[in-house]
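Structure record follows, encoded as structure tokens.
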Amino acid sequence: MSLATTNYLTPTGREEAWRFTPLSRLAGLHDSSVELADRISLSARGVPAGARLEIKSSEEAPSLSATDDIVIERVRDVAHQVLVLTIEKNAEIGEPIFLLRKSEGQAPEASRVQIQAGAHSHATVVIENVGSAVLGEEIEINLEPGANLRFVTLQEWDNNAVHIGRHHAIVGKDATFTSYVITVGGSVVRILPTVEYSGPGSSADLYGLYFATDNQHLEHRIHVEHKIPNAKSRVNYKGALSGQSARTVWIGDVFIKATAEGTDTYELNRNLLLSDGARADSVPNLEIETGEIVGAGHASTTGRFDDEQLFYLQSRGIPAEEARRLVIRGFFAEIVAKLKIQSLEERIMNRIDTELEEAK
Amino acid sequence: MSTLIIKDLHVSVSTDEGMKEILRGVDLTINSGETHAIMGPNGSGKSTLAYSIAGHPKYTITSGSVTLDGQDVLDMTVDERAKAGLFLAMQYPVEVPGVSVSNFLRTAVTAIRGEAPKIRTWVGEVKEAMTALHMDPEFSERSVNEGFSGGEKKRHEILQMELLKPKIAILDETDSGLDVDALRTVSEGVNRVKENQDLGIMLITHYTRILRYINPDFVHVFAGGKIVEEGGPELAAKLEESGYAEYLPA
């Protein structure tokens, strides 16, 4: 049994896992100074044929993976009901399944979700986080052999929301997992997109987009564990920051264990600083225990807005402000275009425009 | 009929050792329909002249004036200069990832013309201009200048010039990095625009090669930050023969 809620495990900020996170702004999620409610605030806009949405007890839906994150351990202790979305074996679901979170005005919440993607199923799940909330969340996603799941989370929170979450995928034999983490709202958002593999021939593509303005701390800590041979991972996160107190953190941990021969991995993080004072931390980390791999690499860049691009566009008559908007939309276009859900693509691009407006 | 008048233009850039003067009193007048070749050795300040007129923030105008049809160009923002009718075809066009050529062209034309072009005529207009420059239609879906070859970048510059319909165009080393076929295509494009739109051209080049395809009315030798000799096309022939040695400090 976890000892998570005992005080001596409360992070101090000196731990590697917490050194970037502003603990004082976590609204008590990490130190048990507030009580968390065991509540299910996600609801489906509609559940199509081939999918099933149920509430199970934590006994019926035990955790599928190990974690050492203090907040996630606490979520597991508190949440005795689990929202379980099951995609049936061989189901082909074309339209995305939308799960909307409504926490407005509610007490701080511990939320557990499991998504079971049946063998050879195809589906897209979109989780929309809007409004104001204090949320500790764990989403475990299990892909049976041959499953193909696209998993989108939108953090479009109001400016005072605090959200600590873990999205853990277990990718089975020949299964394909693609995640899109879009984080534009919230006071503090700390998400752990983590992946493990349970069979060979599996692949995980993790895409992310974040835009931080003043008083926002947006943190994404990726962890991909290659223990199974012949699995593939790709990570591509892009972020923009505008405003003196805008902060982002991107950690990309990829571990290739001795047993993971034939691994193919590449991770990338790019940050665009749009104003003085904004700070982006980017820490790619690759640990390789076998040389028998297809490829492993990483890249990280953090740079200022390119004035030459601005000059080029302006010299064609495009006003400075519009030129800036074009360049920033262009920067994110690579990620957004991969969504292939037109309504969401437009929504995200419009939100980026709004962020830019507010950042002025 | 338009006229660009450059009078006693002095321009500096800031370096680690302080401000350094690059242009030292440039005088030049370009009218619609005229082609002026600016020729000179590397480092003589030719590109600085081009970028200063376009308004690049790196350059500080310390004295002199630039006017287009009596309007003070130096008082305008970069985009206002383009709207007033100036165009700079760059030697090294800038990559803008994620912004498609079609979106870029449409945004620029909308800004210059003051209204969005009608979709139907616009598509045809772009297609025609691209065909004339031997550009593949799929080109318009690529990101601006990203992964373009040298020749593709220069064709794309001339394409913009054709669509934006400037009064005066500055072509900065448009011939650099082009093979003979690309040089011919690009030159034909320039001549076509000049003919159709009565364009005035400042053609900046190091070599006489491009002058076989684009005939200058005037040739100006540029050295040490100013024009040191002026003449007709015969001056280019002389440069072809003897190079710039006599204009360089001993």
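The values are calculated or read from the model by the stated rules, or taken from the named source; none is laboratory data. These figures come from a predicted structure and were not determined experimentally. Cβ coordinates were reconstructed from backbone atoms using ideal geometry, including for glycine residues, and neighbour counts include every protein chain displayed. Surface areas here come from the heavy atoms of the whole protein model, side chains and all, with no ligands, DNA or RNA. Shrake-Rupley method; radii C 1.70, N 1.55, O 1.52, S 1.80 Å.
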Take the Cα atoms of the range B:45-143, build their convex hull, and give its volume per residue in Å³. 138 Å³
Rounded to 5, the percent of DSSP beta bridges in the protein assembly as shown classed as antiparallel: 20 percent
Would you mind classifying chain A by shape? Square roots of the alpha carbon gyration tensor eigenvalues, ordered a ≥ b ≥ c; an a/c under 1.5 is rounded, otherwise it is prolate if a/b is larger than b/c and oblate if not. rounded
To test your reading of the geometry: what angle, between 0 and 90 degrees and rounded to tens, separates the Cα axis of helix B:180-197 from the longest principal axis of chain B? 80 degrees
Relative contact order for chain B: what is it in percent, counting Cα pairs under 8 Å that are at least 6 residues apart? 28 percent
Projected area averaged over all directions for the convex hull of the alpha carbon atoms of the range A:91-233, nm², comes out at 7.8 nm²
List the residues of the range B:85-101 that lose 50 Å² or more of accessible area once all protein chains are present, compared with their chain alone (1.4 Å probe, heavy atoms only, no ligands or nucleic acids). B:M90, B:V94, B:V96
Which of the three applies to the protein assembly as shown, rounded, prolate or oblate, going by the alpha-carbon gyration tensor with a ≥ b ≥ c and a/c under 1.5 meaning rounded? prolate
For the Cα atoms of chain B, what angle does the longest principal axis make with the long axis of helix B:233-242, in degrees from 0 to 90, nearest 10? 70 degrees
If contacts are Cα pairs under 8 angstrom and at least 6 residues apart, what is the relative contact order of chain A in percent? 10 percent
Rounded, prolate or oblate: which one fits the range B:3-247, using the alpha carbon gyration tensor with axes a ≥ b ≥ c (rounded when a/c is under 1.5, else prolate when a/b beats b/c, else oblate)? prolate
Acute angle (nearest 10 degrees) that the helix B:119-132 long axis makes with the longest principal axis of chain B, alpha-carbon atoms: 50 degrees
Would you rank B:Y59, A:Y266, A:Y197 by solvent-accessible area, highest first, keeping every protein chain in place and using a 1.4 Å probe? A:Y266, B:Y59, A:Y197
For the range B:57-69, 3J(HN,Hα) per residue [Karplus equation, 6.51 cos²θ - 1.76 cosθ + 1.60, θ = phi - 60°, Hz, x = Gly/Pro]: x, 5, 9, 10, 7, 9, 6, x, 9, 9, 10, 10, 6
Lys and Arg at +1, Asp and Glu at -1: neighbours of A:V78 with Cβ under 13 Å from its Cβ sum to -3
Residue pairs, from the table A:K360/B:K153; B:K83/B:K127; B:K7/B:K167, whose Cα atoms sit over 25 Å apart: A:K360/B:K153
Which of the aspartates and glutamates could a cross-linker span from A:K227 if the Cα-Cα distance has to be under 18 Å and same-chain partners fewer than 8 positions apart are dropped? A:E144, A:D174, A:E196, A:D205, A:D253, A:E261, A:D264, A:E267, A:E287, A:E289, A:E292
Accessible area in the full protein assembly, largest first, 1.4 Å probe, for A:V130, A:V254: A:V130, A:V254
A correct Karplus calculation of ³J(HN,Hα) over the range A:94-102, with 6.51 cos²θ - 1.76 cosθ + 1.60, θ = phi - 60°, whole Hz and x for Gly and Pro, returns x, 6, x, 8, 9, 10, 9, 9, 10
Cα-Cα pairs above 22 Å in the range B:133-250: how many percent? 40 percent
Direction-averaged shadow area of the convex hull around the Cα atoms of the range A:10-139, nm²? 8.8 nm²
Sum of -39500 (n - 2.57) over DSSP H runs of 4+, divided by residues of the protein assembly as shown (222 nm, nearest 500): -7000 deg cm²/dmol
Estimated buried accessible area (total), pair A and B, 1.4 Å, Å² to nearest 100: 1900 Å²
Go through the range B:31-43 residue by residue and turn each phi into a ³J(HN,Hα) via Karplus (6.51, -1.76, 1.60, θ = phi - 60°); whole Hz please, and just put x for glycine and proline. 9, 3, x, 9, 10, 10, 8, 9, 10, x, x, 4, x
Antiparallel bridges, percent of DSSP beta bridges restricted to chain B (to nearest 5): 60 percent
Solvent-accessible area of A:S282 with every protein chain in place, 1.4 Å probe, in Å² to the nearest 10: 30 Å²
Per residue, what accessible area does the range A:102-225 have, given a 1.4 Å probe and all protein chains present, in Å²? 21 Å²
If each residue of separation counts as 0.36 nm, what is the full-extension length gain between A:E345 and A:D276 once their alpha-carbon separation is subtracted? 22.0 nm
If you average the alpha carbon positions of the range B:151-220 and of the range A:59-113, how far apart do those two centres end up, in angstrom? 62 Å
Where both residues lie in the range A:7-305, what percent of DSSP beta bridges are antiparallel, nearest 5? 5 percent
